[in-house]
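Peer 1: Before anything else, here's the structure in question.
What follows draws every value from the coordinates through simple rules; no lab data is involved. Everything numeric in this text was worked out from a predicted model, so none of it was measured. Every residue, glycine as well, gets a Cβ built from its backbone with ideal geometry; the counts of neighbours run over all protein chains shown.
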Amino acid sequence: MIREGLYYTEDHEWLRLEGDEGVVGITHHAQEALGDITFVELPKAGKAVKAHGPLAVIESVKAAGDIYAPVAGTVASVNAALDQTPERVNQSPYDEGWICRLAGVDKAGLAGLMNAAQYKAFLAKG
């Protein structure tokens, strides 16, 4: 399940541009590999992040790991619903399970990300 119109990273994050902001989450592939998500440590609003730098932490029944920022920007808001229902990342990784919104997205950084076809090919390589 790979959505068109998103940008993807090799670490399985996605970015959707909405005006001047970018919405960030993890891919269907990532949530499937993690298994049942039990906790998401969301970033603080106002936090400046670098491209591919740590953004959030996600924990599941199988593992814990970092979520990285696809591009540089500043955390504008977070999906506070994940505090009570982290399983939204499993149920709806591209809609209700988003992690945060970044303001001031460095659009030059988009060149280093994959489109849906490139991400599909990346996954096929295993």
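Peer 1: Given the rule -39500 (n - 2.57) for each run of at least 4 DSSP H residues, summed and divided by the residues of the chain, what is its mean residue ellipticity at 222 nm, to the nearest 500 deg cm²/dmol? Please list the in-between numbers first.
Peer 2: Values: 4 runs with 25 residues, N = 126.
Taken over the chain, the calculation gives -4500 deg cm²/dmol.
Peer 1: What distance in nm separates the two pseudo spin-label positions at Glu59 and Ala111, each 7 Å out from Cα along the beta-carbon direction?
Peer 2: If labels sit at Glu59 and Ala111, their model points lie 4.0 nm apart.
Peer 1: What net charge do the residues around Val78 carry, taking every other residue with its C-beta under 12 Å from that of Val78, with Lys and Arg at +1 and Asp and Glu at -1?
Peer 2: +1
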